[in-house]
Amino acid sequence: MNYLSNAEKRTYGAIVIGSGMAGGWAAKELCEKGIKTLVLERGRKVTHNEDYPTTLMSPWEFPHRGRLTEEEIAANPIASKCYAFREDAKHFFVKDKEHPYVQDKPFDWIRGYQVGGKSLLWARQTQRWSQLDFDGPARDGFAVPWPITYNELAPWYSHVEKFAGISGNKDGLDSLPDGEFLPPHELTCVEKHFQKEVKRLYQDRHVIIGRCAHLTQPQDIHYQQGRAQCLGRNLCQRGCPYGGYFSANASTLPWAAKTGNMTLRPDSVVHSIIYDEKKQKAVGVRVVDAHTKEMVEYYAKVIFVTAAALNSNLILLNSTSHRFPNGLGNDSGLLGTHIAFHNYRASISAEYEGYLDYKTEGGRPNSGYIPRFRNLYKQETNFLRGYAAGMNAGRGSYSDREGLGESLKISLLNPKMNQMWYAGSHMMGETIPKQSNRVTLDQLKKDEYGMPILHVDVAYDDNDDKMVQDFIEQFTEMYTKAGFKNIRHRDTKQAPGLDIHEMGGVRMGADPKTSLLNKWNQMHHVKNVFVTDGASMTSTSTQNPSLTYMAFTARAVDYAVKEMKKGNL
Ligand SMILES: Cc1cc2nc3c(=O)[nH]c(=O)nc-3n(C[C@H](O)[C@H](O)[C@H](O)COP(=O)(O)OP(=O)(O)OC[C@H]3O[C@@H](n4cnc5c(N)ncnc54)[C@H](O)[C@@H]3O)c2cc1C
Ligand code: SF4
């Protein structure tokens, strides 16, 4: 009989840290390529459909009609700022007290610690980057040049889009390359009016329907995943029973499991990566069992770090050895620096008096989108880069709630249309990565798993303030010229982090002196470690980032497996 030693039993071809958006893709791609893969997830198990407790609940079944209580808001001053932290989805969010961190400057760190990570909660907006985005740092002289071009990533965008299912319209814009789209959602009539007016008034500005990860017309590959048509319920944050939107739980993780090559271990907090000085590579990870607090080691040839941007930084900073006293692969001293995010501070609201013979009804889990138009081909404003924006216009109804008994019943059953269309836009600005925006480890304080507490020292700068001002001016002008009334603007001054698009700290670049990862998301100095989530992003552009993390992950796995087969890893 062939007995395996305990260490052999804990040895895999690959380890993936984190089971969310990026980790799910790493798992799927590795398992499909025949690699025995261990997926380590710090949070609890969440199985598609089995663990969506609120998904089929009606509004009246929620004790607080979907709202949070005053106590919950007071106990969660950070998480409760997120619009999706509500009665129906709060169980998918990290509560403030559970996993403390230090805000050297105000930073709202929104997290989802469970199998599937934040892929259960996301708003599913998915746009490709263009070459204009990858050119940003080199053209405008910040960060380091990207070591990869759009054309190198484009086939991997296609690969991800076909499997995930992305709905969108082929708009033919330089700034926002088209993808492998399922049929688009429709703009409402007032959104179409704005689209037409913006096109007439500004040649370089475009209003389009958002591109989003919803199955508007499922294909064979989606049915094979057990997913079906999105019905527009707009309750996605609860987990969708039909798999109508893409999440790791509904799509990549079950697919990886089907290969028989995945071992998924929830409740496993990765503490650090083990570096072998003699072999000059990483050989495994230390894991703290979330319940027993016992530390166990697991081993693999290749390690994918996909714990979401700041946690990936934390794990690498905590992976110290004689060779790397300041964190794994950190010869440059830049690990944890150049953290960037998206500037979501400003918004505009407006009213439109026409189209009163039309209304909106039902759910559309999507909105309009206005791709970046500032500084696209050359520098033309007093700030660097630019912003994209969302756009929504709807006409709802209301019921008169006065009265009692029969008269109240009649009012409720006969809602009246609003006499106005309400419209609005919010900015999604690029921020400039800076060395001073960084995360570090507390030298003394540790959490219950023995991990140092993370310090977050990230702030806006003058460029961000100027961009907010410009968004307000430009969008006020656009809405005014398009005939909207009662236009109001708002700068929430919300802290960085609430955009939930934190990036950087382990950036890609050609030069090991100024970056941590090469063009394959592979650590310059530890060749068998790959970081493919937001931590790897050299700059942020304006697009919602997850599609790009997924494409980078699939591309990096392809490279890693080829290198493994050549015996290079
Ligand atoms: C309300 C909301 C709306 C959003 N809307 C959009 C959108 O429209 N478009 C878009 O592109 N993005 C959106 N996002 C952001 C999107 O969710 C993230 O970009 C994406 O989930 C990041 O993927 P990830 O794999 O890096 O992290 P996650 O999906 O968060 O997964 C990371 C996983 O790693 C686990 N983990 C962390 N530390 C450890 C450890 N030490 N050991 C083991 N496991 C660990 C976590 O528990 C988690 O499961 C939104 C997010 C939220 C919350
Ligand atoms: S909108 Fe679509 S994806 Fe979201 S919950 Fe409804 S059916 Fe599911």
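Assorted remarks:
- Whole-Hz Karplus values for the range 342-356 come out as 10, 8, 10, 5, 9, 8, 10, 10, 7, 10, 10, 8, x, 6, 7 Hz, taken residue by residue from phi with 6.51 cos²θ - 1.76 cosθ + 1.60 and θ = phi - 60°; glycine and proline positions read x.
- Each peptide in 182-189, 22-29 was scored by the mean count of other Cβ atoms within 10 Å over its residues; highest first, the order is 22-29, 182-189.
- Summed residue charge, Cβ within 14 Å of residue 313's Cβ, Lys/Arg positive, Asp/Glu negative: -1
- All C-alpha pair distances within the range 304-408, sorted into 10 Å bins from zero, spread as 10, 20, 19, 21, 14, 10, 5, 1 percent across the bins.
- In Hz, Karplus ³J(HN,Hα) per residue of the range 485-491 (6.51, -1.76, 1.60; θ = phi - 60°; x = Gly, Pro): 10, 6, 7, 10, 10, 8, 10
- Once the 1.4 Å probe is applied to the protein heavy atoms, the range 495-550 comes out at 19 Å² accessible per residue.
- Computed over protein heavy atoms with a 1.4 Å probe, the accessible surface of the range 356-478 works out to 49 Å² per residue.
- The Rg/Rh ratio for the range 134-235 is 1.05, where Rg is the radius of gyration of the alpha carbons and Rh is the Kirkwood radius.
- Distance from the alpha carbon centroid of the range 220-236 to that of the range 465-489 works out to 37 angstrom.
- Taking the DSSP beta bridges with both ends in the chain, the antiparallel portion is around 70 percent.
- Listed residue pairs exceeding 18 Å between alpha carbons, taken from 36/565; 36/258; 466/493; 28/562; 527/566: none
- With eigenvalues of the C-alpha gyration tensor scaled by 5 and rooted, the range 93-176, Å: 31, 22, 11
- Summed over qualifying helices (DSSP H, 4 residues or more, each -39500 (n - 2.57)) and divided by its residue number, the chain shows a 222 nm mean residue ellipticity of -6500 deg cm²/dmol.
- Over all directions, the projected convex hull of the C-alpha atoms in the chain averages 27.8 nm² in area.
- Entry note: the range 186-314 has Rg to Rh equal to 1.16, where both radii use alpha-carbon atoms and Rh is the Kirkwood radius.
- Diffusion constant of the range 452-569 at 4 °C, which comes from Stokes-Einstein with the Kirkwood Cα-pair radius and 1.567 mPa s, µm²/s: 74 µm²/s
- Counting protein heavy atoms only, the chain has 51 percent of its accessible area on carbon and sulfur, 1.4 angstrom probe.
- Scanning residues 5 or more positions from residue 263 or on other chains, those with amide H under 5 Å from its amide H are 37, 38, 39, with H placed 1.01 Å from N in the peptide plane.
- Only Cα pairs under 8 Å and 6+ residues apart enter the sum, and on that basis the relative contact order of the range 296-404 stands at 15 percent.
- In the full protein context, the range 130-181 carries 37 Å² of accessible surface per residue, based on a 1.4 Å probe and ignoring ligands, DNA and RNA.
- The range 312-363 - Kirkwood radius from inverse mean 1/r over Cα pairs (Å): 16.0 Å
- Once C-alpha pairs closer than 8 Å and six or more residues apart are averaged by separation and normalised to the residue number of the chain, the relative contact order reads 21 percent.
The values are calculated or read from the model by the stated rules, or taken from the named source; none is laboratory data. All figures in this text were calculated on a predicted structure; none of them were measured in a lab. Glycine also receives a Cβ, built like all others from the backbone with ideal geometry; neighbour counts cover every protein chain displayed. Only protein heavy atoms, including side chains, enter the accessible area calculation; ligands, DNA and RNA are left aside. Shrake-Rupley method; radii C 1.70, N 1.55, O 1.52, S 1.80 Å.
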